[in-house]
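Only one structure is covered here, and it is reproduced in the block below.
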Amino acid sequence: MVFKRLLGAIGAGGPSVDTVLDGGAVLPGGMLTGRVWLKGGSAAAEVEHIGLELLARVEAEHEEGESEGEVVFERFTVGGGFRLGPEEEREVPFAVPLPWETPVTELYGQPLGIVLGVRTEIGLAGARDKGDLDPLAVRPQAVQEAVLEALGQLGFGFRSADLEYGRIGGTGQRLPFYQEIELTPAPRYAHAVNEIELTFLASPAGLEVVLEADRRGGAFSGGHDTLTRFTVRHEDAHTLDWNSEVDGWISRLIAHREAYGAHAAYGHGGYDGHGGYDAHEDGHHRSGPGLGTAVAAGAAGLALGVVGGMVAAEVVDEIGDFFEGDED
């Protein structure tokens, strides 16, 4: 066992720690399992607690523009209350539930540029020390994958994905941020919209699917964003005709402008009674592509894994920087 990090809370000769996650991507709402390995230093140490933090790299909009930072979105205590002897090695297994709204980091095994991590915190005799930070891979739930597959078959293409700090009003959102998956429009809708932005808000009961159309402006009207929201059950994943279902969503989203365009254009917040939400609700406007997190992909075959082999180099570099930078 190679221990990644020497804890500094009690100085030189202190314990070291290595957190090992079980292999493979996990599901939102599923169990994250693994083990924390501790190795005693030159002297015995009282381990008061062992904690895990789930972190995300999130973009935030403000008056000066946009910035990125870490957000801790869940904490767990997985052990503690024991004495670690000199050079003693101890394994602490854990199984903790991921929040249902945990963002998806990969699609068909290909990274989307979303950065999540698991950081270990050790409490030693009244002092706390951050241990290692490990990347966390999350794959879509079955119903999320069904929606994405339908979009791909309908001709939508993957453009980018990012995490935005803030809340989408009128939804059941619980985390302080949400994930945007940005799609190029299918050819039949390209005349009406520049892009479609998709957000999944999962819960034990099902899935809220929030769709936003970045509309093209006409000769006498400017473009603006329009939001609609739909709900599905987890058990619908293998029963619905998803191509028809999702195509109906997109048609309704685009038609929403005709029924609600005047309000949406001027930012009147609130639910419209027809499944739609104003993009400016609660004073928060959902942004376009994020900085440095885009995953380059072709316009066709989202569900066929065209993300593979076309991941932008900067995504890989920035993911590495995120985890290496924490060590500093």
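Search region 73-90 for residues being touching an Asp or Glu at 6+ places or on another chain (Cβ under 7 Å) and part of a strand (DSSP E or B), and hand back the single one that is surrounded by the most Cβ atoms within 10 Å (Cβ to Cβ). Looking at the filtered set, the residue picked out is ARG75. Scanning region 118-168 for residues that are assigned to a helix (DSSP H, G or I) and either in contact with a Gly (Cβ under 7 Å, 6 or more places away or on another chain) or surrounded by 21 or more Cβ atoms within 10 Å (Cβ to Cβ) (or both) gives VAL143, GLN144, ALA146, VAL147, LEU148, ALA150, LEU151, GLY152.
Residues are listed down the side, and each one gets a yes or a no for (1) modelled with pLDDT under 50; (2) under 27 Å from GLY206 (Cα atoms); (3) in contact with a Lys or Arg (Cβ under 8 Å, 6 or more places away or on another chain):
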site	(1), (2), (3)
ALA237	no, yes, no
TRP242	no, yes, no
VAL246	no, yes, no
ILE250	no, yes, no
HIS263	yes, no, no
TYR266	yes, no, no
GLY270	yes, yes, no
GLY273	yes, yes, no
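The set of residues in region 91-117 being part of a strand (DSSP E or B) and surrounded by fewer than 16 Cβ atoms within 10 Å (Cβ to Cβ) consists of GLU91, PRO93, ALA95, PRO97. Within the bounds of region 162-172, is there any residue that is in contact with a helix residue (DSSP H, G or I) (Cβ under 6 Å, 6 or more places away or on another chain), outside the structural domain of VAL209 (by TED's automatic domain parsing) and of a type outside the set (Lys, Arg)? Looking for residues that are in contact with a helix residue (DSSP H, G or I) (Cβ under 6 Å, 6 or more places away or on another chain), outside the structural domain of VAL209 (by TED's automatic domain parsing) and of a type outside the set (Lys, Arg), one finds none in region 162-172, hence no. Here THR231 meets the list (1) at pLDDT 50 or above; (2) assigned to a loop (DSSP other than H, G, I, E, B); (3) not acidic (Asp, Glu) almost entirely, failing just condition (2). Is there a residue in region 61-70 that is more than 16 Å from THR33 (Cα to Cα), outside any strand (DSSP E or B), without any contact (Cβ under 8 Å) to a residue 12 or more places away in the chain and in the same structural domain as ALA25 (by TED's automatic domain parsing)? The answer is yes; a qualifying residue exists.
Somewhere in region 22-30, is a residue outside any loop (DSSP other than H, G, I, E, B), modelled with pLDDT of 95 or more and among the aliphatic types (A, V, I, L, M)? Within region 22-30, one or more residues are outside any loop (DSSP other than H, G, I, E, B), modelled with pLDDT of 95 or more and among the aliphatic types (A, V, I, L, M).
The values are calculated or read from the model by the stated rules, or taken from the named source; none is laboratory data. In this text, all values refer to a predicted model and were calculated from it rather than measured experimentally. In this analysis, Cβ positions are derived from the backbone assuming ideal geometry, glycine residues included, and neighbour counts consider all displayed protein chains.
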